[in-house]
1. Quick test of your reading of the structure: residue 42 fulfils all but one of (1) in a helix (DSSP H, G or I); (2) within 16 Å of the ligand (Cβ to nearest atom); (3) out of contact with any Lys or Arg (no Cβ under 6 Å at 6 or more places or on another chain). Name the failing condition by number.
2. Farther than 21 Å from residue 235 by Cβ, away from the ligand (no atom under 16 Å from the Cβ) and either in a helix (DSSP H, G or I) or touching a residue at least 40 places away in the same chain (Cβ under 8 Å) (or both) - does that describe any residue in segment 152-171?
3. Of all residues in segment 29-45, which are surrounded by 19 or more Cβ atoms within 10 Å (Cβ to Cβ) and either of a type in the set (Gly, Ala, Ser) or under 20 Å from residue 225 (Cα atoms) (or both)?
4. Can you pull out the residues in segment 94-125 that are aliphatic (A, V, I, L, M) and within 16 Å of the ligand (Cβ to nearest atom)?
5. Under the condition of being polar (S, T, N, Q), within 16 Å of the ligand (Cβ to nearest atom) and under 26 Å from residue 176 (Cβ atoms), which residue from segment 49-93 is modelled with the lowest pLDDT?
6. For segment 126-145: of the residues being within 15 Å of the ligand (Cβ to nearest atom) and charged (D, E, K, R), which is surrounded by the fewest Cβ atoms within 10 Å (Cβ to Cβ)?
7. Could you list, in sequence order, the residues of segment 116-143 that are over 26 Å from residue 226 (Cβ atoms) and either touching a residue at least 60 places away in the same chain (Cβ under 8 Å) or not hydrophobic (A, V, I, L, M, F, W, C) (or both)?
8. Quick one: in segment 186-213, of everything that is at pLDDT below 90 and among the polar types (S, T, N, Q), which residue is surrounded by the most Cβ atoms within 10 Å (Cβ to Cβ)?
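The values are calculated or read from the model by the stated rules, or taken from the named source; none is laboratory data. The shown structure was predicted, so the numbers you read here are calculated from the model rather than taken from an experiment. In this analysis, Cβ positions are derived from the backbone assuming ideal geometry, glycine residues included, and neighbour counts consider all displayed protein chains.
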Amino acid sequence: MNASDKVALVTGGARRIGAEIVRQLHAAEYRVVIHCNGSASDAELLKEQLNHSRADSADVIAHNLAETSHLSDLIEFTIKSFGQLDCLVNNASVFFPTSLEALTESELDQVMGVNLTAPLLLSQAAARVMTSGCIINIIDIYAEKPLKGYLAYSISKAGLHMLTRGLALELAPNIRVNGVSPGPILWPEDAAEMSEEEKHQRLAGLPLGKIGNPSDIAKAVVFLGEAEFITGQVLSVDGGQSVV
Ligand SMILES: NC(=O)c1ccc[n+]([C@@H]2O[C@H](COP(=O)([O-])OP(=O)(O)OC[C@H]3O[C@@H](n4cnc5c(N)ncnc54)[C@H](OP(=O)(O)O)[C@@H]3O)[C@@H](O)[C@H]2O)c1
């Protein structure tokens, strides 16, 4: 199969890291389904740009992943649009502070729903239609070392890490399942009030001494997409932060 025959579905693909993953998979000749939630206009713009560079190579679906009852709709949409699915990238995520004291049940449901239940149910639905290919989960280095004040997020990503390894066993030998764990790549959008000094402090001690770039994550995804003898692995792309 030529790469150009392949189809990728990227959740949260309209903006930031997800959009770069979409662009690089498309540049690697995949046809792409861009999933979004609130960023429909960004997703449509990206679709337009990609279809302009290669006709009929991109489509968009909007869906709130916190509503986990109809997730197979995304897979069905992909098959309807392009006839197959070869690579599912579970990138969408919610990230907000949840201290133990203040954590509410609905916050927990939201974080676990988007960051863990949705990737699991999407993978389940994908596995029903995929005869080969791969699933790639975008995790976080805080899956292994908790981020203070972000208990629910850390738990959800730890679950996604185990899901990656567990699915690799469940879905072998036909479907490979791997993860990419980013370190600091883009500041959260609500970090506008974070001072330059605070950002500088957060990066202090990072072995490579600089924040990463969305393309660092996207390159790792493209690599894992083609890595035919790798499954059950999680690649940290983090400037060395996980070894500190
Ligand atoms: N940024 C970093 O430095 C960093 C560091 C470590 C790990 N990561 C991981 O890398 C991935 C991408 O990071 P990012 O910073 O680009 O992510 P982000 O901007 O925080 O979120 C990515 C997308 O997730 C989608 N999303 C959120 N809630 C959703 C919901 N209820 N239903 C459907 N989609 C939903 C949003 O789509 P819409 O915009 O369409 O609503 C959003 O654009 C995430 O998995 C993140 O945990 C990032």
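1. All conditions are met except number (3).
2. no
3. Of everything in segment 29-45, those that are surrounded by 19 or more Cβ atoms within 10 Å (Cβ to Cβ) and either of a type in the set (Gly, Ala, Ser) or under 20 Å from residue 225 (Cα atoms) (or both) turn out to be 30, 31, 32, 33, 34, 35, 39, 43.
4. 94, 108, 111, 112, 114, 116, 118, 120, 121, 122, 125
5. 68
6. Residue satisfying both the conditions and the ranking: 145.
7. If the condition is that a residue be over 26 Å from residue 226 (Cβ atoms) and either touching a residue at least 60 places away in the same chain (Cβ under 8 Å) or not hydrophobic (A, V, I, L, M, F, W, C) (or both), then 117, 142 are the ones that fit.
8. Ranking the candidates gives 201 first.
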